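Peer 1: Sending over a structure as structure tokens; questions will come in a sec.
The values are calculated or read from the model by the stated rules, or taken from the named source; none is laboratory data. Quantities reported herein were computed from a predicted structural model and do not represent experimental measurements. Glycine gets a Cβ as well: all are built from the backbone with ideal geometry, and neighbour counts include every protein chain shown. These accessible areas exclude ligands, DNA and RNA; they are computed on the full protein's heavy atoms, side chains included. Shrake-Rupley method; radii C 1.70, N 1.55, O 1.52, S 1.80 Å.
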Amino acid sequence: MTPSPIVAVVPGRRNDVINTMVRKKLTGLPVVRESDGKLVGVVSRRDIFRNFEEEQLSLIMKKNCISISPDTPVEEAARIFAEKRIHRLPVVDGEKLVGIITPTDILKLIREKKTDRTAESVISTTCVTAYKDSPLPYAIAAMRISDVAALPVLDEHGNLVGIITDRDLFSDQMSDEEAVKQLGLSDVKLAGLRNVMPLFFTATESYSPDSSKLVSDYMIKEPLTVFKKTTLNEVARLMLLHDFGQIPVRGTKDELVGMIYDVDVLKALLD
């Protein structure tokens, strides 16, 4: 775990959380009560995106979040991540927050673990895709409705030709200066916005994506993939190496068979 994690505090405001995420290059935070430091929830950038109309942190954060103790076996943490498909577990001693653990922390263990489990044994059969010539707003809506951070992109023949992620969607749609002006984040380091708040501004009433932009304009072409028989320790190595939370999985004819996520890889510890 990461000890003494950076936290958000209630009562608090949305913009305070955004500021903290930008400065510290984080995608989520545990939330504690100002009066006594008790853990009361967690908040992620996607929570903010889904609840952009709310200003108060208490109305945005996830309440009654799952937490673990410092002596919880790492296998149990992996099970929770895999079953609940969450990406941060606060670690509490009594009612005191003492740390936080994420799937990335456990991937470091799996990278060194010898396992026969392969990508195809853990991927979900459900995979949301995008068509390369679809308008960009379609991909934005698909990500938001499906609550996914990445879409494999297919051509007219169903071949995998790219991947589009929330980071890709944010780039080049709004200048940093415009973003800061609209959200009132005058003290945010501008360079950090692109890494912390992808998709964020598509929820503002004052900004509409340019419908002339296509998915193919923003996707990453020839994305990194793994073969369905790739072992989970190798998938973990690639995710850590490239800082990816998901990778498309291909079959024997290079066809897309699904997406593997970091929380799927954690099943390597559940043999």
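Peer 1: Would you be able to say whether some residue in segment 18-29 is touching a helix residue (DSSP H, G or I) at 6+ places or on another chain (Cβ under 9 Å) and more than 25 Å from Thr165 (Cβ to Cβ)?
Peer 2: There is no residue in segment 18-29 that is touching a helix residue (DSSP H, G or I) at 6+ places or on another chain (Cβ under 9 Å) and more than 25 Å from Thr165 (Cβ to Cβ).
Peer 1: Might you let me know whether segment 137-147 holds any residue that is at pLDDT 80 or above, buried (at least 19 other Cβ atoms within 10 Å of the Cβ) and closer than 21 Å to Phe49 by Cα?
Peer 2: Scanning segment 137-147, I find at least one residue that is at pLDDT 80 or above, buried (at least 19 other Cβ atoms within 10 Å of the Cβ) and closer than 21 Å to Phe49 by Cα, so the answer is yes.
Peer 1: Quick check on segment 220-264: of everything there that is among the small types (Gly, Ala, Ser) and assigned to a loop (DSSP other than H, G, I, E, B), which residue is nearest to Ala78 (Cα to Cα)?
Peer 2: Step one: of segment 220-264, the residues among the small types (Gly, Ala, Ser) are 236, 245, 251, 258.
When the remaining residues are screened for being assigned to a loop (DSSP other than H, G, I, E, B), the result is 245, 251.
Numbers: Gly245: 15, Gly251: 27 Å.
Here the residue is Gly245.
Peer 1: Which members of segment 26-40 meet the condition of being outside any strand (DSSP E or B) and within 16 Å of Arg14 (Cα to Cα)?
Peer 2: Keep residues of segment 26-40 that are outside any strand (DSSP E or B), which gives 26-27, 34-37.
Leu26, Thr27, Glu34, listed by residue number.
Peer 1: Taking interchain pairs and intrachain pairs at least six residues apart, which have beta carbon atoms under 6 angstrom, with the first residue in segment 45-56 and over 17 Å from Ala149 (Cα atoms) and the second part of a helix (DSSP H, G or I) and modelled with pLDDT of 80 or more?
Peer 2: Short answer, once both residue conditions are applied: Glu55/Arg14.
Peer 1: Looking at segment 53-64, which of the residues that are in a loop (DSSP other than H, G, I, E, B) and over 17 Å from the mean Cα position of the chain (by Cα) is surrounded by the most Cβ atoms within 10 Å (Cβ to Cβ)? Even if it seems obvious, please write down each step before you answer.
Peer 2: Filtering segment 53-64 down to residues in a loop (DSSP other than H, G, I, E, B) leaves 53-55, 60-61, 64.
The next check asks that each one be over 17 Å from the mean Cα position of the chain (by Cα); those that pass are 53-55, 64.
On the way: Glu53: 11, Glu54: 15, Glu55: 11, Asn64: 7.
Only one residue tops the list, namely Glu54.
Peer 1: Being of a type outside the set (Lys, Arg) and either more than 21 Å from Ile86 (Cα to Cα) or surrounded by fewer than 17 Cβ atoms within 10 Å (Cβ to Cβ) (or both) is the filter here, so list the residues in segment 111-126 that pass it. First the steps, then the outcome.
Peer 2: Quick first cut of segment 111-126, residues of a type outside the set (Lys, Arg) only: 112, 115-116, 118-126.
Within segment 111-126, Glu112, Thr115, Asp116, Thr118, Glu120, Ser121, Ser124, Thr125, Thr126 meet the criteria.
Peer 1: Please specify each residue of segment 227-261 satisfying the condition of being within 20 Å of Thr115 (Cα to Cα) and of a type in the set (Ser, Thr, Tyr).
Peer 2: Thr230, Thr231, Tyr261, listed by residue number.
Peer 1: Output yes when any residue across segment 202-214 is at pLDDT 50 or above, assigned to a loop (DSSP other than H, G, I, E, B) and hydrophobic (A, V, I, L, M, F, W, C), and no when none is.
Peer 2: no
Peer 1: Being assigned to a helix (DSSP H, G or I) and more than 16 Å from Val263 (Cβ to Cβ) is the requirement here; does Val92 meet it? Let's see the steps before the verdict.
Peer 2: Details: assigned to a helix (DSSP H, G or I): no; more than 16 Å from Val263 (Cβ to Cβ): yes.
Here the answer is no, as Val92 does not meet what is asked.
Peer 1: Then there is this: Go through segment 8-25 and report how many residues are under 28 Å from Leu109 (Cβ atoms) and surrounded by fewer than 18 Cβ atoms within 10 Å (Cβ to Cβ).
Peer 2: 2
Peer 1: Here is a follow-up. Given the structure, is Thr102 within 12 Å of Leu232 (Cα to Cα) and surrounded by 16 or more Cβ atoms within 10 Å (Cβ to Cβ)? Break it down into steps so the answer makes sense when it comes.
Peer 2: Numbers: within 12 Å of Leu232 (Cα to Cα): no; surrounded by 16 or more Cβ atoms within 10 Å (Cβ to Cβ): yes.
No, not satisfied.
Peer 1: Still on this model: Test of understanding: among Ser4, Ser67, which residue is small (Gly, Ala, Ser) and at negative phi? Can you show your working first?
Peer 2: On the way: Ser4 fails: at negative phi.
Testing whether each residue is small (Gly, Ala, Ser) and at negative phi leaves just Ser67.
Peer 1: Oh, and also: Counting only residues that are modelled with pLDDT under 75 and under 15 Å from the mean Cα position of the chain (by Cα), how many does segment 148-187 have? Lay out the reasoning, then the answer.
Peer 2: Going through segment 148-187, the residues modelled with pLDDT under 75 turn out to be 166-187.
Still in the list and also under 15 Å from the mean Cα position of the chain (by Cα): 166-170.
Going through segment 148-187 one residue at a time, the tally reaches 5.
Peer 1: Between a first residue in segment 72-96 that is open to solvent by 20 Å² or more (accessible area, probe 1.4 Å) and a second residue that is basic (Lys, Arg) and assigned to a strand (DSSP E or B), which pairs have beta carbons less than 7 Å apart while being 6 or more apart in sequence or on different chains?
Peer 2: Partner pairs satisfying both residue conditions: Glu95/Lys38.
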